[in-house]
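The values are calculated or read from the model by the stated rules, or taken from the named source; none is laboratory data. The model shown is predicted, which means the values in this text are computed figures rather than measured ones. For neighbour counting, all protein chains shown are included, and Cβ atoms are generated from backbone atoms with ideal geometry for every residue, glycine included.
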Amino acid sequence: MILLGIDPGHCTTGYGVISAERGKCRLLEAGIIRPKPALPLERRLLELFNGLREVIRSTLPGVMVVEEIWVGERDPSVALVMGPARGALCLAAAAEGVPVDHLAHTTVKRALTGSGAARKHQVKRMVIELLDLRVTPEPDDVSDALAVALVSANMRASSQLGRAS
C-alpha cells in the first residue's frame, strides 16, 4: 500500500510518501508545499490545495494520513490559523478520491519512540532508521510527515494481523 503522510501548515506543509509491503516500508517521495507568504489567505489555501493534488496524482496513494493540529496552552490561536490549511489539504484528497485518516502527534511520537513527549530529533532519528535513509529529511515538516505515514502503516499492519489470527 502507498501511504501519504501530511504535516499540515499554513506556511509550510510537509509530505512523505511511503510504500508499505510485508512489514517493510520504503521512501517513495518527500517534500514540502510552501505557498507564497505574500499572497492573501485564499490564494495560499489554493496553492496548498493544488500542490497536494499534484503530489496525489503523481504518487497515487491509497490513503492520506494527516497529523492532527496540536494547540498549546500558550497560543490557542494556532488552531484558527491551521484549520483552513488542514481543510484545504483534506479537500484536495477528497477531490482525488483518497480517503483521509487522522493521527494525534502524541500517538505518532509514542508509537515511534515510546514517549508521547518525544523531541523532534528523536522522531527524526526513528524515521531515518525505519526507512534506512542515508540523508536526513529536512525540514522537520518532512520528517514529521514521514513519521505519520510510518505509524499509520504499522497500525494497519497490526490490525491486519489481528484480523488474520
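From the set of residues in the range 10-36 that are touching a residue at least 60 places away in the same chain (Cβ under 8 Å) and not in a strand (DSSP E or B), which is farthest from Ala147 (Cα to Cα)? It would help to see each step written out before you state the result.
Filtering the range 10-36 for residues touching a residue at least 60 places away in the same chain (Cβ under 8 Å) gives 10, 12-18, 20, 23, 25-27, 30-32.
With the extra rule that they be not in a strand (DSSP E or B), the set shrinks to 10, 12, 23.
Working: His10: 19, Thr12: 16, Gly23: 15 Å.
Going through the qualifying residues, I end up with His10.
From Leu46, Leu39, grab the single residue that is over 11 Å from the mean Cα position of the chain (by Cα), within 16 Å of Ala85 (Cα to Cα) and part of a helix (DSSP H, G or I). Spell out how you get there, then give the answer.
On the way: Leu39 fails: part of a helix (DSSP H, G or I).
Unique residue meeting the criteria: Leu46.
Those residues that are in contact with a Gly (Cβ under 8 Å, 6 or more places away or on another chain) and either part of a helix (DSSP H, G or I) or over 24 Å from Gly23 (Cβ atoms) (or both), I need them from the range 106-139; list them, please. Quick ask: steps written out before the conclusion?
We begin by selecting, within the range 106-139, every residue in contact with a Gly (Cβ under 8 Å, 6 or more places away or on another chain); these are 106-107, 109-110, 137, 139.
Result: Thr106, Thr107, Lys109, Arg110, Pro139.
When Val55, Val63, Val17 are screened for being buried (at least 20 other Cβ atoms within 10 Å of the Cβ) and under 15 Å from Cys90 (Cα atoms), only Val55 passes.
Restricting the first member to the range 114-143 and to residues that are without any contact (Cβ under 8 Å) to a residue 12 or more places away in the chain and crowded, with 16+ Cβ neighbours inside 10 Å, and the second to residues that are basic (Lys, Arg) and assigned to a helix (DSSP H, G or I), the beta-carbon pairs closer than 9 Å and six or more apart or on different chains are Ala118/Lys109; Ala118/Arg110.
Within the range 95-109, the set of residues being within 15 Å of Met155 (Cβ to Cβ), surrounded by fewer than 16 Cβ atoms within 10 Å (Cβ to Cβ) and modelled with pLDDT of 90 or more comprises Pro99, Asp101, Ala104. Of all residues in the range 63-79, those being under 17 Å from Gly9 (Cβ atoms), among the β-branched types (Val, Ile, Thr) and at pLDDT 85 or above number 2. Pairs are defined by a Cβ separation below 9 Å, a sequence spacing of at least 6 or placement on different chains, a first member in the range 56-69 that is outside any helix (DSSP H, G or I), and a second member that is surrounded by fewer than 12 Cβ atoms within 10 Å (Cβ to Cβ) and modelled with pLDDT of 95 or more; the pairs so defined are Gly62/Pro99; Val63/Pro99; Met64/Pro99. Taken across the range 80-94, residues that are in a helix (DSSP H, G or I), modelled with pLDDT under 95 and exposed (fewer than 13 other Cβ atoms within 10 Å of the Cβ) do occur, with at least one present.
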